[in-house]
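Asks: The structure under discussion is supplied below as structure tokens; questions concerning it will follow.
The values are calculated or read from the model by the stated rules, or taken from the named source; none is laboratory data. A quick note: this is a predicted structure, and the numbers were derived from the prediction, not measured. Please note: Cβ atoms are built from the backbone with ideal geometry, for glycine as well, and neighbour counts cover all protein chains shown. Accessible surface is based on the protein model in full, side chains and every heavy atom, while ligands, DNA and RNA are left aside. Shrake-Rupley method; radii C 1.70, N 1.55, O 1.52, S 1.80 Å.
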Amino acid sequence: MSKLTEIKSELAPRFSVSQFEFNSAFGDDVLVVPKSDIFQVLQFLRDSGKFDFLIDVCGVHYPQRQKPFDVVYHLFNSKDASRLRVKVPLAEGESIPSALPLWKGADWFEREAFDMFGIRFDGHPNLRKILTHHQFAGHPLRKDYEADRQQHCTETLPIHFDHDGATRGDVLNERYMPINLGPSHPAMHGTLRVMAELDGETVVRAACEIGYLHRCFEKMAETHPYNQVIPYTDRLNYCSAPMNNVGYCKTVEKLLGVEIPARAQAMRVILCELSRIIDHIIAVGTGGVDLGALTSFFHLFTYREKVYTLFEKLCGARLTVSMTRIGGMAQDAPEGWFDDVMVFVKEMRQGIDEISQLMLGNKIFIKRTQGIAPVKAADAIAWGYTGPLLRASGVGLDLRKSKPYYGYEGLEFDIPVGTNGDIYDRYLVRIEEMRQSCRIIEQVCRSVPGGDYTIRDKGIVLPEKKDVYGNIEGLMNHFMLVIKGLRPPVGEVYDATEAANGELGFYLVSDGSANPYRLKVRPPCFAIYQSFPTVVKGWQVADAIATVASMNVIAGELDR
Amino acid sequence: MITGTQRHDDMSRSFALTTRLDAIIAWGQKNALWPMPYGTACCGIELMSVMGPKYDLARFGAEVVRFSPRQSDLLLVAGTITEKMAPVLVRIYRQMLEPKFVISMGACASSGGFYRAYHVLQGCDKVIPVDVYVPGCPPTPEAVLDGVMLLQRMIQKRTPRPWKDNWKAPDYE
Ligand code: SF4
């Protein structure tokens with residue numbers, strides 16, 4: 001019995017399922033529920049142990065429909081890695097119960113849906129704008145909002161906090177000292193803003209203001225053809241750009257129903273693991289800087305430069321590589337590239353050992369991080385943590401193991417898991433993951449499959465330049481694909497990969513045209529960072545800084 | 001034997017040089033730029049490389065990175081400036097003391113880049129005066145170094161900067 005029929009049979013005695021819609025398409029299970037039942041359905045799915053994670057909540061706008069909005073919930077079960085998409089159609093002006101009492105992690109996702117579409121969530125205590133600035137009028141992801149209609153912002157908001165039922169967020173307590181950090185503050189990595197009330201050095205309340213790097217990725221995706229979206233994905237988590245390329249292309253390929261050749265898969269794995277290493281380098285290096293240790297940063301950056309050199313050899317770009325195409329890679333690796341990678345991995349292993357001694361064995365570092373602001377496993381799940389932070393809290397979930405793709409199932413590697421969920425464990429996990437990534441790269445590099453680096457479907461992949469200029473058929477195929485565009489079938493998919501920060505998901509809706517109809521990114525650090533005010537409560541300011549650093553919040557994917 | 005004025009001249013040459021005051025000030029300014037990195041996005045990561053071990057901006061006399069606008073004289077805008085960020089950027093710029101210079105690193109900071117979008121400022125020069133634009137998405141570290149050197153030449157030659165002289169703060173400030 002498939003999971004969906006099982007769910008159906010269990011829902012049947014409790015709800016009038018005749019009004020529900022169950023369907024499976026492109027390998028995803030979908031359940032459409034009327035608004036009146038949604039809260040109970042979600043509650044049942046959670047309490048019966050069917051799904052423990054609320055991965056994402058988002059909206060979609062269909063102006064022609066009678067009920068023009070969809071609220072889409074993505075649920076995930078960490079035991080068997082099954083997923084369910086629950087959708088609720090809403091009419092203009094209708095509201096929907098907030099999922100916040102079930103999952104704390106719904107908080108910011110619902111605020112985002114409100115900001116982008118104007119969907120109201122009943123019972124949400126802080127249903128305010130989150131990404132756009134406070135003077136912004138309208139809801140930009142509605143289809144009638146033009147992509148380039150800018151609205152200027154003339155002031156920043158003063159210090160404010162979230163409402164918590166008892167106190168209003170904009171009323172400050174005179175007993176405490178208000179403090180504002182960022183967005184231009186060295187510990188805030190350029191774009192984060194944290195406001196806090198302090199009792200001495202202790203944080204009494206804190207709040208995050210985000211959106212200072214809201215670059216409208218999702219709207220840009222709707223106004224560009226599928227392949228032109230790839231460079232935008234680079235700039236989500238720019239510390240590990242290739243991983244975003246891979247995540248996005250994998251989603252589109254799932255919708256197209258194509259499997260990429262073995263060589264492309266191997267190249268993607270290598271790129272992903274190299275990116276994981278350099279992403280963790282930034283996390284660990286700047287984490288050290290935020291604690292006052294500059295050496296780790298300079299030392300680790302040497303290795304990052306080496307990876308940049310590898311990327312440069314591969315495609316000419318250092319940071320924003322855009323190396324994948326839908327259907328495979330943009331080009332083959334140059335001769336000897338895999339050997340260069342092997343040489344690098346060898347050096348890197350030594351570097352990791354050094355850095356782990358320098359940081360993890362350092363008395364000051366241990367004192368600053370061990371036992372500081374820990375997050376328990378149950379809380380981590382409720383917040384929607386994924387990736388190294390979830391594993392630091394003791395949950396051994398990694399999509400590369402639980403739902404392997406691109407041949408990860410055949411590779412030998414371990415998933416490091418922490419015990420306390422404190423800052424120290426997070427770095428411990430990250431540094432160990434770098435070692436495991438080295439192992440993976442070595443295994444793949446030793447036996448890179450031959451063959452083509454991309455599929456050759458003329459409706460998906462552009463012909464090679466030599467064919468475009470060399471023969472009429474190549475020229476025609478090129479012309480047709482450029483004019484007509486790559487057009488996936490009508491439908492929608494969700495696909496996720498294990499990125500450096502956790503589950504990077506793409507929810508793609510296609511109406512059969514050459515641009516995505518809707519592309520929702522599920523960024524890992526968005527879910528993580530919303531827990532910040534709760535996690536640092538009662539800790540000192542310096543611990544709060546260390547916490548931000550250990551969360552490795554990357555503004556590009558946080559604000560999109 | 002040399003006597004008189006000539007002798008005094010020779011003697012003073014052995015321990016002094018003559019120059020114009022503004023020239024020597026420019027020389028000092030150019031070789032002691034204190035940058036404030038305003039890294040907001042991907043370009044900020046590449047800026048780390050510029051500061052990092054391989055490219056090492058310190059070699060060009062711009063070593064002392066300051067995160068306080070009061071202590072710096074070169075604002076390095078590296079990354080997309082959104083509408084929400086614009087008032088913050090203006091405030092930071094105004095907090096810097098004279099003389100001050102601005103380098104806009106990358107397509108986004110210079111023009112909004114490929115984000116022709118509802119929440120992105122179409123270039124930081126919409127709100128603050130920019131001296132040097134460095135193209136690229138992100139620019140290579142070499143390009144940034146070149147931008148810094150260009151600025152140094154401008155400082156040395158006392159290149160007129162009408163964009164700076166005629167700058168008016170956006171009316172909300
Ligand atoms: S110019 Fe390119 S690399 Fe630089 S911030 Fe903009 S998108 Fe990122």
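Asks: Given a Förster distance of 22 Å, report the FRET efficiency between A:Glu174 and A:Ala542 from their Cβ-Cβ distance, rounded to the nearest 0.05.
Replies: Computed FRET efficiency for A:Glu174 and A:Ala542: 0.35.
Asks: Which of the pairs A:Lys87/A:Lys129; A:Lys35/A:Lys79; A:Lys67/A:Lys143 have their Cα atoms more than 20 Å apart in this structure?
Replies: Violating the 20 Å limit, Cα to Cα: A:Lys87/A:Lys129; A:Lys35/A:Lys79.
Asks: Magnitude of the Cβ-charge dipole of the range B:1-144, K/R +1 and D/E -1, about the Cα centre, nearest 20 debye?
Replies: I would put it at about 280 debye.
Asks: Mind jotting down a quarter of the surface of the convex hull over the alpha carbons of the protein assembly as shown, in square nanometres, one decimal?
Replies: 39.4
Asks: Kindly sort A:Glu464, A:Glu21 by accessible area of their heavy atoms, largest first, with the probe set to 1.4 Å.
Replies: A:Glu21, A:Glu464
Asks: Can you send over the solvent-accessible area of B:Arg153, 1.4 Å probe, protein chains only, in Å² to the nearest 10?
Replies: Result for B:Arg153: roughly 120 Å² accessible.
Asks: Can you pull the percent of the protein assembly as shown's accessible area that's carbon plus sulfur, 1.4 Å probe, other chains left in place?
Replies: The C+S portion of the solvent-accessible surface of the protein assembly as shown is 54 percent.
Asks: Chains B and A: how much accessible area gets covered up at their contact, both sides added, probe 1.4 Å, in Å² to the nearest hundred?
Replies: Buried area between the two chains comes out at roughly 3800 Å².
Asks: Could you check the spin-label model distance between B:Arg94 and B:Leu17? Points 7 Å from the Cα along Cα→Cβ, value in nm.
Replies: It works out to 4.1 nm between the two label points.
Asks: Sticking with this one: Quick one: work out the % antiparallel among DSSP beta bridges in chain A, nearest 5.
Replies: Around 90 percent antiparallel, to the nearest 5.
Asks: Ordered by residue, what ³J(HN,Hα) values in Hz, to whole numbers, does the range A:431-437 give under the Karplus form 6.51 cos²θ - 1.76 cosθ + 1.60, where θ = phi - 60° and Gly and Pro are x?
Replies: Those phi angles translate into 5, 5, 4, 5, 4, 5, 4 Hz.
Asks: Still on this structure, I have one more. By how many nm would the segment from A:Arg128 to A:Asp80 lengthen if fully extended, with 0.36 nm per residue of separation less the alpha-carbon distance?
Replies: 13.7 nm
Asks: Taking each residue of B:110-118 in turn, how many C-beta atoms of other protein chains fall within 10 Å of its C-beta, and what is the average?
Replies: Taking the mean over all residues of the peptide, I get 6.
Asks: Then there is this: Viscosity 0.890 mPa s, temperature 25 °C: Stokes-Einstein D of the range A:217-559 from its Kirkwood Cα radius, in µm² per second?
Replies: Diffusion coefficient, whole number: 118 µm²/s.
Asks: At 0.36 nm per residue, minus the direct Cα-Cα distance, what do A:Lys367 and A:Gln331 gain on full extension? Give it in nm, one decimal, please.
Replies: Difference between extended and current length: 8.2 nm.
Asks: What's the FRET efficiency of A:Asp452 with B:Leu150 using the Cβ-Cβ distance as r and R₀ = 41 Å, to the nearest 0.05?
Replies: 0.35
Asks: How much area per residue is accessible in the range A:283-416 when the probe is 1.4 Å and only protein heavy atoms are counted (Å²)?
Replies: 40
Asks: Show log10 I(q)/I(0) for the range A:3-122 at q = 0.11, 0.12, 0.19, 0.22 Å⁻¹, two decimals, from a solvent-free Debye sum over equal Cα scatterers.
Replies: At q = 0.11, 0.12, 0.19, 0.22 Å⁻¹ the computed log10 ratios are -0.34, -0.40, -1.05, -1.40.
Asks: Starting from the Cα of A:Glu146, step 7 Å along the direction of its Cβ; do the same at A:Tyr469; then give the gap between the two resulting points in nm.
Replies: 3.9
Asks: Which one, A:Gly59, A:Leu4, A:Phe39, is farthest towards the positive end of the dipole of the range A:3-122 when Lys and Arg carry +1 and Asp and Glu -1 on their Cβ?
Replies: Positive-end residue among those listed: A:Leu4.
Asks: So between A:Gln357 and A:Val204, what do we pick up on full extension, going 0.36 nm a residue minus the alpha carbon distance?
Replies: 51.6 nm
Asks: Right, next: With each pseudo-label sitting 7 Å past Cα toward Cβ, what's the A:Met476-B:Ile25 distance in nm, one decimal?
Replies: Label at A:Met476, label at B:Ile25, 7.3 nm between them.
Asks: Please work out whether the range A:111-191 counts as rounded, prolate or oblate from its C-alpha gyration tensor, where a ≥ b ≥ c are the square roots of the eigenvalues and a/c under 1.5 means rounded, while otherwise a/b larger than b/c means prolate and anything else oblate?
Replies: In terms of gyration-tensor shape, oblate.
Asks: For the range A:3-122, what is the accessible area per residue in Å², given a 1.4 Å probe and the full set of protein chains?
Replies: Value returned for the range A:3-122: 37 Å² of accessible area per residue.
Asks: Check B:Gly112: other-chain or 5+ apart residues with amide H under 5 Å from its amide H, H built from backbone geometry?
Replies: Correct list: B:Gly123, B:Cys124.
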